[in-house]
Amino acid sequence: MDAVKAEIIHSILVDNLEQAKTLIGPSPKGLKELAKLVRKTVAHPPPLAQWESPLPPIITTSVSYTCGIGCEMCNAGFSDKTRLFDQYKYLSLKEFDALSSWIKSASHVALVGLGETLDSPHIEYFLNSLKDKVSIVSTSGMPLNITVIEKLIKSQLHYLNLSFDGKTTAGHGGARETYTKKFWKKVGLVQKIKQSLKVSHPFLHLTIAVDHENIEQLDEILLSAQNHDIPSADLIYMVPHTRPLYEKSVFPQWEDSKEKINAVIKTWNQSGMHVRFFEKLKIEATPKTCHFVDKHIMFNLNRQRPDLCCGSLDMPLAIGNLKPEDYWNSFPFRYFRSLHFSESRAELPEICRSCWVLNPKNLKNSFGNQPRNYSEAICLEWYNHASQLKLEQKIGASASFFQKVIRTTPDSKLKGKAWFHVGEISLQKNRPEEALNHMEKAVQFCFDHALAFAYLSLLYRLVGKDKVQGQGKSPDYEYMNFFKPIHISDAKSLPSVLVKNT
């Protein structure tokens, strides 16, 4: 995609049709149908305006790309290495400062690591910039020592989120007894230093990735947490990314696992500890809403295209020079909200429909050995043939081959691309309603398809179709009620604590 074409698409996605019209000019090359739509709809109001949303209250940013623990379940790539890149280990101060316009409107800022968060040498700087926010640091706990703990306290960290999974080969420590003992010793050190300094912060919080190996240990883990003055815990799934990990997960025994986890949550909440499962007090078989959507945004490696969730969904728009509110309320975001929070979820992105959050019992489909009628290579051959026919203006034959790809390909992205071409063919036949339906399918299966989104935005303006179900408002979430603001006295002058370093 050349630079001008990319800028035209960008202008359309942020509702700047006047600029798109100027950039297209009188003689568009390769964008004939798009140009027609721009000229027809330049004066029309932006679609899905009711789905604009306030900026996200929660900002998450990765700050470290190193880790020495080597968890088998790690999907960031540390199961067999200690760093992701040779020349890039940590988020720089400049990169962090570039997030200031996003952080400004947030109430909560979470520092995480694609690796170990506390490996970053800049944690103190980051936290000192966040003193008017509810700050959260996630860690395995292994880097904690007197020096690190004192820095966290003096930097007025609100919450220290500790990841610990008990004795499971897939998780932190790989079921080693020595790791377990070391972890709780680190927790004890934090509490001892807090007591010595007469401070209550940071509050400790536990996150447990539940799998088939540790599900029977949950009561034991939570009892240890309670005995170490940890008042709250999140239970999450160990989300598999390989077949062996799937076999170790809770998903092969889904119903039984769900009942066990819900029983644990109920027991411990009744005892006074605050235990949740993804912000809920029980696991829902089919949650009405995604736990992640519309309340936070995550800045990882590609900081021009931040993540909306922990999955593989990619937005079709880069931030560029956009203000946060313009990016957050661009057409792709409004459309995304309309899919998630309206009454019907039939057109949710395929990535969402097959995700473990909304359909946990269906995760097995990602690791099954399902028979396929046609290989990916054959479907790709048909796709290329259809594309050539389209170039030759043999649109009838081209559409037939694209439909054949749609019916048979196992590749969602290829299916989305085929729907896109069928949509363009519908426009060539002057069938805008039909084209709109096809473009909806295109982005359903290939959500980062920027040109398909540009067409979709213009077709919404032209056809007048709007998703009127729902109230144009995302649901309330529990996160801010769980990690509440806490009063912290000035900790800059706190004395050093002379406790033996563990």
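The values are calculated or read from the model by the stated rules, or taken from the named source; none is laboratory data. The structure displayed is predicted, hence computed values, not measured ones. We place every Cβ from the backbone using ideal geometry, glycine too, and count neighbours over all the protein chains shown.
For the subset of the stretch 41-54 comprising residues that are in a helix (DSSP H, G or I) and at pLDDT below 95, which member is surrounded by the fewest Cβ atoms within 10 Å (Cβ to Cβ)?
Step one: filter the stretch 41-54 for residues in a helix (DSSP H, G or I), giving 41, 49-51.
Among the residues that remain, those that are also at pLDDT below 95 are: 49-51.
Working: ALA49: 12, GLN50: 15, TRP51: 26.
Only one residue tops the list, namely ALA49.
Step by step: first the residues of the stretch 402-416, then only those that are of a type outside the set (A, V, I, L, M, F, W, C) and surrounded by 22 or more Cβ atoms within 10 Å (Cβ to Cβ), then the one that is nearest to ASP448 (Cα to Cα). Which residue is that? Talk me through it step by step, then tell me what you get.
Restricting attention to the stretch 402-416, the residues satisfying the condition of being of a type outside the set (A, V, I, L, M, F, W, C) are 403-404, 407-413, 415-416.
When the remaining residues are screened for being surrounded by 22 or more Cβ atoms within 10 Å (Cβ to Cβ), the result is 409, 415-416.
Numbers: THR409: 19, LYS415: 13, GLY416: 10 Å.
Only one residue tops the list, namely GLY416.
Does LEU206 qualify as being touching a strand residue (DSSP E or B) at 6+ places or on another chain (Cβ under 9 Å), more than 29 Å from PRO360 (Cα to Cα) and either touching a residue at least 40 places away in the same chain (Cβ under 8 Å) or surrounded by fewer than 17 Cβ atoms within 10 Å (Cβ to Cβ) (or both)?
In short, no.
Would you check if PRO45 is in contact (Cβ under 8 Å) with a residue 12 or more places away in the chain and farther than 30 Å from ALA98 by Cα?
Numbers: in contact (Cβ under 8 Å) with a residue 12 or more places away in the chain: yes; farther than 30 Å from ALA98 by Cα: yes.
Criteria met by PRO45.
So is ASP234 touching a residue at least 12 places away in the same chain (Cβ under 8 Å) and assigned to a loop (DSSP other than H, G, I, E, B) or not?
Numbers: touching a residue at least 12 places away in the same chain (Cβ under 8 Å): yes; assigned to a loop (DSSP other than H, G, I, E, B): no.
It is false that ASP234 is touching a residue at least 12 places away in the same chain (Cβ under 8 Å) and assigned to a loop (DSSP other than H, G, I, E, B).
If only one of GLN226, GLN191, GLN217, GLN156 is touching a residue at least 60 places away in the same chain (Cβ under 8 Å) and not aliphatic (A, V, I, L, M), which one is it?
Values: GLN226 fails: touching a residue at least 60 places away in the same chain (Cβ under 8 Å); GLN191 fails: touching a residue at least 60 places away in the same chain (Cβ under 8 Å); GLN217 fails: touching a residue at least 60 places away in the same chain (Cβ under 8 Å).
Unique residue meeting the criteria: GLN156.
Does VAL63 satisfy the criteria of being under 30 Å from VAL422 (Cα atoms) and either in contact (Cβ under 8 Å) with a residue 24 or more places away in the chain or touching a Leu at 6+ places or on another chain (Cβ under 6 Å) (or both)? Walk me through how you get there before you give the answer.
On the way: under 30 Å from VAL422 (Cα atoms): no; either in contact (Cβ under 8 Å) with a residue 24 or more places away in the chain or touching a Leu at 6+ places or on another chain (Cβ under 6 Å) (or both): yes.
Answer is no for this residue.
Within the stretch 263-382, which helices (runs of 4 or more DSSP H) (wholly inside it) include 1 or more residues that are touching a strand residue (DSSP E or B) at 6+ places or on another chain (Cβ under 9 Å)? Before you say what the answer is, go through the steps one by one.
Working: elements: 324-328, 331-341, 350-353.
Where helices (runs of 4 or more DSSP H) fall fully within the stretch 263-382 and carry at least 1 residues being touching a strand residue (DSSP E or B) at 6+ places or on another chain (Cβ under 9 Å), they are 324-328.
Determine which member of the set SER312, SER342 is hydroxyl-bearing (Ser, Thr, Tyr) and within 15 Å of the chain's Cα centre (by Cα). Don't jump to the end; show me each part of the working.
Numbers: SER342 fails: within 15 Å of the chain's Cα centre (by Cα).
Unique residue meeting the criteria: SER312.
Among the residues of the stretch 147-161 satisfying the criterion of being more than 16 Å from ASP119 (Cα to Cα) and out of contact with any His (no Cβ under 9 Å at 6 or more places or on another chain), which is surrounded by the most Cβ atoms within 10 Å (Cβ to Cβ)?
So, considering only residues that are more than 16 Å from ASP119 (Cα to Cα) and out of contact with any His (no Cβ under 9 Å at 6 or more places or on another chain), the one surrounded by the most Cβ atoms within 10 Å (Cβ to Cβ) is SER155.
What about SER330, is it at pLDDT 95 or above, small (Gly, Ala, Ser) and not assigned by TED's automatic domain parsing to the domain that holds GLU440?
Details: at pLDDT 95 or above: yes; small (Gly, Ala, Ser): yes; not assigned by TED's automatic domain parsing to the domain that holds GLU440: yes.
Here the answer is yes, as SER330 does meet what is asked.
Select from the stretch 60-93 the residues that are part of a loop (DSSP other than H, G, I, E, B), in contact with a strand residue (DSSP E or B) (Cβ under 7 Å, 6 or more places away or on another chain) and either surrounded by 19 or more Cβ atoms within 10 Å (Cβ to Cβ) or of a type in the set (Lys, Arg) (or both) and list them in ascending order.
In the first step, residues of the stretch 60-93 are kept if they are part of a loop (DSSP other than H, G, I, E, B); the result is 63, 65, 67-82, 84-89, 91-92.
Cutting the leftovers down to in contact with a strand residue (DSSP E or B) (Cβ under 7 Å, 6 or more places away or on another chain) gives us 63, 65, 73, 82, 89, 91.
Those that are part of a loop (DSSP other than H, G, I, E, B), in contact with a strand residue (DSSP E or B) (Cβ under 7 Å, 6 or more places away or on another chain) and either surrounded by 19 or more Cβ atoms within 10 Å (Cβ to Cβ) or of a type in the set (Lys, Arg) (or both): VAL63, TYR65, MET73, LYS89, LEU91.
Do we have LEU37 as surrounded by 22 or more Cβ atoms within 10 Å (Cβ to Cβ) and either in a loop (DSSP other than H, G, I, E, B) or touching a Lys or Arg at 6+ places or on another chain (Cβ under 9 Å) (or both) here? If you could, list the steps in order and put the result at the bottom.
Values: surrounded by 22 or more Cβ atoms within 10 Å (Cβ to Cβ): yes; either in a loop (DSSP other than H, G, I, E, B) or touching a Lys or Arg at 6+ places or on another chain (Cβ under 9 Å) (or both): yes.
Against the criterion (surrounded by 22 or more Cβ atoms within 10 Å (Cβ to Cβ) and either in a loop (DSSP other than H, G, I, E, B) or touching a Lys or Arg at 6+ places or on another chain (Cβ under 9 Å) (or both)), LEU37 qualifies.
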